[in-house]
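Structure record follows, encoded as structure tokens.
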Amino acid sequence: MLPTPSTSHVPYTLVYEPAEDSFLLLDTLSSPTSLTFHTSHFPPSSPTPLVLEIGPGSGVVLAFLTAHANHIFSRPDILTLGIDINSFACASTAKTVSLASQDHPTTSGEFLSAVQGDLTSCLRGRQVDVLVFNPPYVPTEDLPALPERLREKKEGKVTFEEESKLLELSYAGGKDGMETTDRVIDSLGDVLSERGVAYLLLCAGNKPEAVKQRIREMDNAGEGRRWKAETVGTSGRQAGWEKLQIVRIWRE
Amino acid sequence: MKLLTLNFLTCAVKTCKSSSDSFPLHPKDAELASDDVEVNPELLVNLLPRLDWKALKTTSAEVFLPSCIYPLGFPQLPDSPPTIEQLQSDDKLLKDLHSLLMETNLMEGKLVCGVCGHEYAVREGIPNFLLPSHLV
Ligand SMILES: [Zn+2]
């Protein structure tokens, strides 16, 4: 078991606290079968992979991937980047990753930055080799919006209403819990490099079989290639269904 | 944020993306900081093929303008990217690239789009790409 990065500095009133979904990502991404996949997909002397996590929150997953790069990707030369809409999550992520990186200097990749942004809107096209997304997946009536004041500045005391909005943003997924996830799925063809792989967390309420089928039928895989979507990690059985699962998405 | 991050970012305004002037973003009033990172030649060699060299040259020229706070010295980049052999045999170039890509951080300032002119703030090393509602 690779050690889980410390997040004791993270303000959990403002940033999503690592939970079962985060730990499922850690287990799945560091499994022997993931290592085999990564090693053949990103062989040691191929160009340095760029790893992006969307919505890193506390930064626990991105810090894990960065600090243990050599164990997870069989090479320490990876670049990592986190994009979160919540500025407090960005600050937490930057700190969590650099602390974990310092703790594991011989196996660690290079952390580029935490960026405050809306999903992948600020990225140059087709640069991401590994995309990780633990989305706001809980089915809800509405999709929350970031309070206007928190888009620009973080000065001043955060009100109780703003706090609850920030936490709501981290879990509320709108219709089927898929409104935000669907935007990311639709952008995969533009965001991933030719060899790019995405890891997406889904809950049972997201109708994962239908989601995977929709991905396989997307038509922008490129000449002679198809989208693949396979479940590579699960946790928590509930009434015969896996409560959470990780889907690996790539083209071949 | 590592200066290298600019090699992967563009303007977040949808209509800017089709224009080549939206990349790279232009640093303004940049405050830099330098990290002490151990040189890793293998990383630089593997990174080389995926860099946009022209954009990197632009970034390094702009961020080190005399008007900016610059405590580090001027790495001079060649016009075209070195080959792996050149990089491996040129110690100075290797060190310059290492210092530029792995050690230089942009802490405060702005990132300006060459198309729409929007200025993205960088505070405490974190750039903010959220757009005001009228641009979304
Ligand atoms: Zn623009």
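Brief remarks on what is shown
- Flag not set for residue B:49, criterion: within 16 Å of the ligand (Cβ to nearest atom), at the interface with chain A (Cβ under 10 Å from one of its Cβ atoms) and either at pLDDT 90 or above or under 30 Å from residue B:133 (Cα atoms) (or both).
- Filter pass, residue A:43 being over 23 Å from residue A:231 (Cβ atoms) and either of a type in the set (S, T, N, Q) or within 12 Å of chain B (Cβ to nearest Cβ) (or both): yes
- Residues located in the stretch B:22-37, provided they are within 16 Å of the ligand (Cβ to nearest atom) and either touching a strand residue (DSSP E or B) at 6+ places or on another chain (Cβ under 6 Å) or open to solvent by less than 20 Å² (accessible area, probe 1.4 Å) (or both): B:22, B:24, B:25, B:26, B:27, B:28
- Residue in the stretch A:65-85 that is within 14 Å of the chain's Cα centre (by Cα) and away from chain B (no Cβ under 14 Å) present: yes
- Residues of the stretch B:38-63 classified as within 29 Å of residue A:102 (Cα to Cα), surrounded by fewer than 20 Cβ atoms within 10 Å (Cβ to Cβ) and touching a His at 6+ places or on another chain (Cβ under 8 Å), total: 2
- Selection from the stretch A:75-108 of residues that are part of a loop (DSSP other than H, G, I, E, B) and over 23 Å from residue A:15 (Cβ atoms): A:75, A:76, A:77, A:78, A:105, A:106, A:107
- Evaluation of residue A:48 against (1) more than 19 Å from residue A:116 (Cα to Cα); (2) assigned to a loop (DSSP other than H, G, I, E, B); (3) open to solvent by 10 Å² or more (accessible area, probe 1.4 Å) (one fails), failing number: (3)
- In the set (1) of a type in the set (A, V, I, L, M); (2) within 24 Å of residue A:146 (Cα to Cα); (3) more than 13 Å from chain B (Cβ to nearest Cβ); (4) open to solvent by 10 Å² or more (accessible area, probe 1.4 Å), the condition left unmet by residue A:132 is number (4).
- Every residue from the stretch A:190-216 that is among the polar types (S, T, N, Q), within 21 Å of residue A:119 (Cβ to Cβ) and open to solvent by 10 Å² or more (accessible area, probe 1.4 Å): A:193
- Some residue of the stretch B:69-78 being surrounded by fewer than 19 Cβ atoms within 10 Å (Cβ to Cβ), at positive phi and away from the ligand (no atom under 16 Å from the Cβ): yes
- Of all residues in the stretch B:1-21, exactly one satisfies the criterion of being within 16 Å of the ligand (Cβ to nearest atom), of a type in the set (Lys, Arg) and crowded, with 16+ Cβ neighbours inside 10 Å, namely B:17.
- Those residues of the stretch B:110-125 which are within 26 Å of residue A:48 (Cβ to Cβ) and away from the ligand (no atom under 13 Å from the Cβ), in sequence order: B:122, B:125
- Residues in the stretch B:112-127 that are within 11 Å of chain A (Cβ to nearest Cβ) and either modelled with pLDDT under 95 or touching an Asp or Glu at 6+ places or on another chain (Cβ under 7 Å) (or both): B:122, B:123.
- When the stretch B:5-21 is filtered for residues that are under 18 Å from residue A:117 (Cα atoms) and more than 9 Å from chain A (Cβ to nearest Cβ), the ones remaining, listed by number, are B:6, B:15, B:16.
The values are calculated or read from the model by the stated rules, or taken from the named source; none is laboratory data. Note that this is a predicted model, so its numbers are computed, not measured. Please note: Cβ atoms are built from the backbone with ideal geometry, for glycine as well, and neighbour counts cover all protein chains shown. Accessible surface areas use protein heavy atoms only, side chains included; no ligands, DNA or RNA. Shrake-Rupley method; radii C 1.70, N 1.55, O 1.52, S 1.80 Å.
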